[in-house]
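All remarks here apply to the structure that follows.
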Amino acid sequence: MFNKILIANRGEIACRIIRTAQTMNIKTVAVYSDADANSNHVIMADEAAWIGLPPSAESYLDAEAIIAAAKATGAEAIHPGFGFLSENAQFVSAVEKAGLTFIGPGAEAIQLMGDKITSKTLAEKAGVSIVPGTEGAVSDVDVAAKAAIDIGYPVMIKASAGGGGKGMRIAHDEDELREAMPQAQNEARASFGDDRVFVEKFVTSPRHIEIQILGDSHGNIVYLGERECSLQRRHQKVLEEAPSPFISDKTRAAMGKQAVELAKAVQYKSAGTVEFIVGADEDFYFLEMNTRLQVEHPVTELVYDIDLVEWMIRIAAGEKLTLKQKDITPNGWAVEVRLYAEDPSRGFLPAIGQLTRYREPETDTNTGIRIDSGVHEAGEISIYYDPMIAKVIGYGKTRDAALDRLSLGLDYYVIEGLAHNRQFLRHIIDHPAFRKGDFTTSFIADEYPHGYTPAAPEDKTALAQMRSIAVLLVASRLDRMAASGNGTVDTAFWLNDEAGASSAIWDKAANSVTIDGQVMVIAGAPDRDSRRFVGAINGADVVMQIWHHAARVEVMLGAHRLAVHVLPERVSHLQALMREKSVTGGAVEITAPMPGLMTRVMVSVGDHITAGDDVVVIEAMKMENLLKSTETGIVKEILANAGETVAADQPLIRLADKTESE
């Protein structure tokens, strides 16, 4: 067994690998860029080595720097995690040439399966069901358009190298294909250094199901059930679960058998995943094989009680698999959500900034919650890397039990300082169709076409609970001030929110709030430091998050959010004197919808543009985003240039106002 390994990655996956290495008494070396000098994985590891500047190409993709760090620190092996160099065959060869061990599959398997075109051909020869598509890569849009007619729309344009939703576009007709293909090629080039794409049939009403496999260097290969990964946004997974609520035992066995046959065809060793697209009738087709650890591997680990990272390390050290297929059976259910720094109310645009407050829920066997994270309070989410904050996993004996625990875990999760998708994830979990297991890969696009903005609940009981906590928070604060001689004792209050204006009475002795005659007896008190209220209202257990500034209280209950203005009744008449903020006019500006690197400006001063015209391209979190104008007018001024880093809402282009245009 190894004495010391280097983790060629960052964030939550680096932390997760370090934890397993620690249980195996293996010392660890972390690598870091300037942007990650104070990150959790650097703190957790036994040693840390600086490898370069923040951009991935100058640090985490610098194979020479990583191998040099391994040799300098005396590491015997390198675990790549996922992303970055994890599926780079040249890196594997370089690691082995340096006399080190790569904790993962061999270079040949990575090369064969990492190319989607080659892997598709190999899969077909191995007897695996494949999706109709082009036989090889296409670079000319006319050739792609002709192929798409033969395949039949809709089609998927996919980068030949890579994954994670990068370089992927759906086209429903030729016009969409001609617009989408260059975007897919640009993204593929930026993310993987390879702009080859291919075209294949897009399966309607699809489910995304993947099979986890493990193989050793002695020819033993097993599969560990399946993961349901259909909840996706822009081809990136948002929620995963094991097992799938959709497929039958017969289909599971057939998919598992094909996955093992494919792995045998390339003499696969280590952990890997074979991904399938499954239609409504459970017909399934090979998508790709990921020759690495998957982001969503925790759900498999919980359901099968197997540490995949430990097995990757043991296999790399030459050990034999002791797992037998007949003994691998699922126990319970696990559901994982990806907690991202993004703004669901603005079309899920990525967010950056500092985590000014960060409190994770408790994780133990009683809560049934597992957190895989790589951040800490006061840490930064930067533009350079994926904006994932953490993975939150709920486990239980049944699917409903796992979802209930996951819901509670999200309710306890406090994040401040930047936009995030916590309440969006909470809303998905509560969605009736999702709860029934009735969803496809288009679920988020269909159900949340304009993103998600938390709103007040329609349920009157929930609304009353949220309002009562808002009143209690203000009342108790004023009471403390009065006790110190700096205020007046108040029991009568006026409140106003989306539901309208109401009167409230606070009874300190009974710890109750009466709103418009409805009495809410509260057990517990809001914790201003943790930003949580954990207690009961009229006997019902409740977990809320609270934010309080002056007379405004923001209350979050599950997926709902309510902003309440609370004032003592004696000064409530002053509210009528508060004037609405006026909106001033002026020249129209086109602003950045997200932070990122502006890579192209597609207009010039003096150009006449109309709504819908392409204006700039912004690259953020390794994704290329084409910004279209929402306005019509003449370009008066370009306010940011290609190559500049821009902030969210930063003006990029100013159009002449009407008088200037005439």
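Quick note: the coordinates plus some simple rules give every number you see, no bench work behind them. No experiment lies behind these values; they were computed from the predicted model shown. Note that each Cβ is placed from the backbone with ideal geometry, even for glycine, and that neighbours are counted across all protein chains shown.
Points to keep in mind about this one:
- Estimated FRET transfer efficiency when R0 is 56 angstrom, pair Asp364-Leu639 (beta carbons, to 0.05): 0.65
- Gyration tensor verdict on segment 34-77 (Cα atoms; rounded if a/c is under 1.5, prolate if a/b is larger than b/c, oblate otherwise): oblate
- Label point distance in nm, Ser129-Lys326, each placed 7 Å from Cα along Cα→Cβ: 2.8 nm
- Rounded, prolate or oblate (a/c below 1.5 giving rounded, otherwise prolate when a/b exceeds b/c) for segment 129-174 by Cα gyration tensor: rounded
- Shape of segment 460-577 from the C-alpha gyration tensor: rounded (a/c under 1.5, with a ≥ b ≥ c the square roots of its eigenvalues).
- R0 of 25 Å, Cβ-Cβ distance His218-Glu261: FRET efficiency to nearest 0.05: 0.90
- Seen from every direction in turn and averaged, the convex hull around the alpha carbons of the chain projects onto 32.7 nm².
- What the Kirkwood sum gives for segment 4-103 is a hydrodynamic radius of 12.9 Å, with every pair of different alpha carbons counted.
- Per-residue ellipticity at 222 nm computed for the chain from its helices equals -8000 deg cm²/dmol, with DSSP H segments shorter than 4 residues left out and the rest contributing -39,500 (n - 2.57).
- Of all DSSP bridge pairs formed entirely within the chain, close to 90 percent run antiparallel.
- Sparse packing (at most 13 other Cβ atoms within 10 Å of the Cβ) combined with a DSSP loop state is found for none of the GluC sites (Glu not before Pro) in segment 154-195.
- Entry note, the chain: relative contact order of 9 percent, from Cα contacts under 8 Å with a spacing of 6+ residues.
- Spin-label model distance (nm) - Lys397 vs Lys146, 7 Å beyond Cα toward Cβ: 6.2 nm
- Annotation for segment 111-205: trypsin sites (Lys or Arg not before Pro) lying in DSSP loop with at most 12 further Cβ atoms inside 10 Å of their Cβ do not exist.
- Sorted by Cβ density within 10 Å, fewest first, the residues Tyr153, Tyr304: Tyr153, Tyr304
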